[in-house]
Amino acid sequence: MIEIQNVTKKYGKLEAVKDLSFSLKSGETFGLLGPNGAGKSTTIRMIMNIIRPDSGNILFNGKEIAGKDTDRIGYMPEERGLYKKVPVDELLIFLAELKGMPAAQASKAMDPLLEMFDLSKWRKSKTDSLSKGMSQKIQFISTILHDPDIIILDEPFSGLDPVSADLMCSMITQLRDRGKTIIFSTHIMDHAEKICNKICIMKEGRVKTSGTLSEVKNRHGRNTVVIDFEGSAGFIKELPMVEDVVQWPGSCEVSLTDDPDAGSGLLKAVVEKLKIRRYELQRPSLHKIFIDLVGEKENGDA
């Protein structure tokens, strides 16, 4: 469906994207992940033919991507792209027409989507009267309304409450199951882990790891324990069998050393000081892999 072959893009001396390659088929959801300045948005803009790569190829159905191919792509940018003084229904129909969809067909397809996102009563409202979350949902509807083959979502959950985010997650999964190819850029690893079957983690324009979610977890896996607890767990990072800890209120993800007794040693140490609700040995989360590979230092946008 879409293939990126050794693509490089420079801005002066800065290599925003360096020798990037991946390929996607119908029904795959691809997580393009990384901190600010990693090259995600630059990659998306090259796929959309907004900017051209300095070298390498971008193929759509086996041929170099052309302007007409973007009609088969739905693109939801991170920035808001809605005309502020236009009613919602007129705007959605107009944007669908730009992609080659007849107005009557767009009007019919729009109704169930507005109802699904609880926006029917806002259809005649101008977009500048909508909340940030409502605007985000309208922008998502505009992205999928013309029934594209490829859907590109750049930080689609920005501004959404948990209920709306879960609804959008469900909708993305349904689109994938209908054979849509989805490229999904986000900072929220929980969403990527739920939705994506393939991922690429980038840093400073270069690929740090890529493959199916299972392949990436196996490649970067090690003894990892997830603990849900009550109490103060600051002591865990000082234990001799612990290599690293990612901690949240009431839970933590612990990377153990290669000592075969590390798991039992950790369990013995924590049960003496904490009330344990869950103690589970598992592969590392995508969040943990992301932190390990890109660190906490983020550069500004390229």
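We did not get these values from a lab; they are worked out from the coordinates using the rules stated. It should be emphasised that the depicted structure is a prediction, and the values quoted were computed from it without experimental measurement. Here Cβ is always computed from backbone atoms with ideal geometry, including for glycine, and neighbour counts include all displayed protein chains.
How large are Rg and Dmax for the chain when only the alpha carbon atoms are used, in Å?
Rg and Dmax of the chain, Cα atoms, are 21.9, 68 Å.
Using amide H atoms built in the peptide plane, which far-off residues or other-chain residues are under 5 Å from Thr209 H to H?
Amide H to amide H, under 5 Å and 5 or more residues apart or across chains, Thr209 pairs with Ile201.
Along the charge dipole of the chain, pointing to its positive end and built from +1/-1 on Cβ of Lys, Arg, Asp and Glu, which listed residue (Ile276, Ile4, Gly263) has its Cα farthest out?
Ile4
In nm, to one decimal, how far is the modelled label at Asp147 from the one at Lys68, with both set 7 Å along Cα→Cβ?
2.0 nm
For the cross-link pairs Lys208/Lys288; Lys9/Lys194; Lys40/Lys63; Lys108/Lys194, which exceed 20 Å when the distance is taken from alpha carbon to alpha carbon? It would help to have the intermediate numbers written out before the result.
Numbers: Lys208/Lys288 14 Å; Lys9/Lys194 30 Å; Lys40/Lys63 23 Å; Lys108/Lys194 31 Å.
Listed pairs above 20 Å: Lys9/Lys194; Lys40/Lys63; Lys108/Lys194.
As an exercise, identify the trypsin sites (Lys or Arg not before Pro) in region 82-136 lying in DSSP coil whose Cβ has no more than 12 other Cβ atoms within 10 Å.
Those satisfying the criteria are Lys84, Lys85, Lys124.
Bin all alpha-carbon pair distances of region 121-232 at 10 Å intervals from 0 and give each bin's fraction as a whole percent.
In whole percents, the pair-distance histogram is 11, 36, 31, 16, 6, 0.
Residue farthest toward the positive end of the dipole of the chain, with Cβ of Lys/Arg at +1 and Asp/Glu at -1: which of Ala106, Gln247, His220?
Ala106
Based on DSSP loop calls and a cut-off of at most 13 other Cβ atoms within 10 Å, the longest stretch of the chain free of exposed GluC sites (Glu not before Pro) is what?
For GluC sites (Glu not before Pro) (loop position, at most 13 other Cβ atoms within 10 Å), the longest site-free span of the chain is 80-271.
Please find the FRET efficiency linking Val86 to Trp248, where r is the Cβ-Cβ separation and R0 is fixed at 51 Å, and quote it to the nearest 0.05. Walk me through the numbers on the way to the answer.
Values: r = 42 Å, r/R0 = 0.83.
It comes to 0.75.
At a Cα cut-off below 13 Å, give the aspartates and glutamates reachable from Lys18, other chains included and same-chain residues fewer than 8 away excluded.
Of all the aspartates and glutamates, those that pass the test against Lys18 - Cα under 13 Å, at least 8 places apart if same chain - are Asp54, Glu204.
Once phi is turned into θ = phi - 60°, what whole-Hz ³J(HN,Hα) does the Karplus curve with 6.51, -1.76 and 1.60 give for every residue of region 12-17, x standing for Gly and Pro?
x, 8, 7, 8, 5, 9
What aspartates and glutamates sit close enough to Lys85 to cross-link, taking a C-alpha to C-alpha distance under 18 Å and skipping anything fewer than 8 places away on the same chain?
Asp128
With the chain treated as a Gaussian network of Cα nodes joined by springs under 10 Å, which of Val207, Val225, Val88 yields the largest mean-square fluctuation?
For the chain, modelled as a Gaussian network with Cα springs under 10 Å, the answer is Val225.
Running a GNM on the chain with Cα contacts under 10 Å, which residue among Ser129, Ser21, Ser142 ends up with the highest mean-square fluctuation?
Ser129
Please give every one of the lysines within straight-line cross-link reach of Lys273, meaning a C-alpha to C-alpha distance under 20 Å, and leave out same-chain neighbours fewer than 8 residues apart.
In chain and number order, the partners are Lys237.
What is the spin-label model distance, in nm, from Lys237 to Glu79 if the labels are put 7 Å beyond Cα along the C-beta direction?
3.8 nm
What spacing in nm lies between the two simple spin-label points modelled at Asp19 and Glu215, each 7 Å away from Cα in the Cβ direction?
1.8 nm
Within the P(r) computed for region 51-120, what percentage of the Cα pairs occupies the region above 20 Å?
Working: 1098 of 2415 pairs.
Result for the distance tail: 45 percent.
Please report the antiparallel percentage of the DSSP beta bridges confined to the chain, to the nearest 5. Could you put the intermediate results ahead of the total?
Details: 39 of 57 bridges.
Around 70 percent of the beta bridges assigned by DSSP in the chain are antiparallel ones.
Only sites in a loop by DSSP and with at most 16 other Cβ atoms within 10 Å count here; which chymotrypsin sites (Phe, Trp or Tyr not before Pro) in region 46-90 make the cut?
Answer in residue order: Tyr83.
Binning every alpha carbon pair distance of region 222-282 at 5 Å from zero, what are the percents per bin?
That works out to 4, 21, 37, 28, 9, 1, in percent per bin.
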